[in-house]
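Taking it in order: structure first as structure tokens, then the write-up.
The values are calculated or read from the model by the stated rules, or taken from the named source; none is laboratory data. This structure is a prediction, so every number in the text was calculated from the model and none was measured. Because the Cβ atoms are built from the backbone with ideal geometry, glycine has one as well, and the counts that use them run over all protein chains shown.
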């Protein structure tokens, strides 16, 4: 069924609307595929890093850990501000590199949390993410008003997390985790709707390829952060 309620499609012929609707579905599938493969790559790299003690020690037992932690942030900034100067193929390569580095930077969870809890929380996250993303895709209600609120919440989480590096407060960690779950749950729905709307702004194949990568990056970040926040809340420590 075509998305006839969308103002961009209103007034077009049925054939044209159906074509756009089919193209949108293909585009969203590519976004979800990139995102899912990125998450899978991160998981494999994280587990492999933990499973090989020499690699884990070389990263987490030396100052190299800061490079591993900060490198993904650098790649996110590179893609966010440099995507217009990249080809779709280059953007895809940077995305895979980012997902791999995220695996290195999240390998610590296998040392901190019980494996069964990691698996359990992952599936909880996947179910919640799927429901929230479906809502963002199907709701006729505009979620744009949520954007500023969610961005402020995200900034607050980052600032509070930096402060907590020095305070090491368990109460603040709990508060950050609870607020983080709410913020990234909202961002999942918001970003999905935004990604859907981005499709209708251009029909250039190269541009659409880059938009699919950027959309996958946004949803990947929502998923990973939602997972980590839930793991803090429900994961059992190995200690």
**Q.** Condition broken by residue 234, with the remaining ones in (1) under 30 Å from residue 111 (Cβ atoms); (2) out of contact with any helix residue (DSSP H, G or I) (no Cβ under 7 Å at 6 or more places or on another chain) satisfied
**A.** (2)
Q. For segment 30-77, what are the residues that are closer than 17 Å to residue 112 by Cβ and within 14 Å of the chain's Cα centre (by Cα)?
A. 42, 43
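Looking at 163, 178, 207, 183, which is the one that is closer than 26 Å to residue 79 by Cβ and more than 14 Å from the chain's Cα centre (by Cα)?
207
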Q. For segment 227-234, does any single residue satisfy the condition of being farther than 22 Å from residue 78 by Cα, at pLDDT 90 or above and surrounded by fewer than 17 Cβ atoms within 10 Å (Cβ to Cβ)?
A. yes
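A quick yes/no check of all residues on (1) farther than 22 Å from residue 27 by Cα; (2) assigned to a loop (DSSP other than H, G, I, E, B); (3) touching a residue at least 60 places away in the same chain (Cβ under 8 Å):
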{"residue": "154", "(1), (2), (3)": "yes, no, no"}
{"residue": "159", "(1), (2), (3)": "yes, no, no"}
{"residue": "163", "(1), (2), (3)": "yes, no, no"}
{"residue": "181", "(1), (2), (3)": "yes, no, no"}
{"residue": "185", "(1), (2), (3)": "yes, no, no"}
{"residue": "190", "(1), (2), (3)": "no, no, no"}
{"residue": "193", "(1), (2), (3)": "no, no, no"}
{"residue": "223", "(1), (2), (3)": "no, no, yes"}
**Q.** Residue under evaluation residue 214, criteria (1) in a helix (DSSP H, G or I); (2) modelled with pLDDT of 95 or more; (3) farther than 22 Å from residue 32 by Cα, criterion not met
**A.** (3)
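Answer yes or no as to whether residue 123 is out of contact with any helix residue (DSSP H, G or I) (no Cβ under 7 Å at 6 or more places or on another chain), within 27 Å of residue 46 (Cβ to Cβ) and at pLDDT 95 or above. Talk me through it step by step, then tell me what you get.
Values: out of contact with any helix residue (DSSP H, G or I) (no Cβ under 7 Å at 6 or more places or on another chain): yes; within 27 Å of residue 46 (Cβ to Cβ): yes; at pLDDT 95 or above: yes.
So residue 123 passes the test.
Could you please find all residues in segment 165-175 being closer than 19 Å to residue 227 by Cα and either free of Cβ contacts under 8 Å to residues at least 40 places away in the same chain or loosely packed, with under 11 Cβ neighbours inside 10 Å (or both)? Talk me through it step by step, then tell me what you get.
Within segment 165-175, the subset closer than 19 Å to residue 227 by Cα is 170, 172-175.
Listed by number, the residues that qualify are 170, 172, 175.
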Q: Specify the residue that is farthest from residue 204 (Cα to Cα); the eligible residues are those in segment 66-90 that are surrounded by 14 or more Cβ atoms within 10 Å (Cβ to Cβ) and without any contact (Cβ under 8 Å) to a residue 12 or more places away in the chain.
A: 67
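When the residues of segment 195-206 are filtered to those that are in a helix (DSSP H, G or I) and in contact with a helix residue (DSSP H, G or I) (Cβ under 8 Å, 6 or more places away or on another chain), which remaining residue is farthest from residue 127 (Cα to Cα)?
Kept after step one, since they are in a helix (DSSP H, G or I), are these residues of segment 195-206: 195-199, 205-206.
Now narrow it down to the ones that are in contact with a helix residue (DSSP H, G or I) (Cβ under 8 Å, 6 or more places away or on another chain): 195-196, 198-199, 206.
Details: 195: 20, 196: 20, 198: 25, 199: 25, 206: 32 Å.
Only one residue tops the list, namely 206.
Name the residue that is nearest to residue 195 (Cα to Cα), counting only residues in segment 135-148 that are assigned to a helix (DSSP H, G or I) and free of Cβ contacts under 8 Å to residues at least 12 places away in the same chain. Before you say what the answer is, go through the steps one by one.
Residues of segment 135-148 that are assigned to a helix (DSSP H, G or I), as a first pass: 135-138, 146-148.
So of that shortlist, the ones also free of Cβ contacts under 8 Å to residues at least 12 places away in the same chain come out as 138, 148.
Values: 138: 12, 148: 17 Å.
Residue satisfying both the conditions and the ranking: 138.
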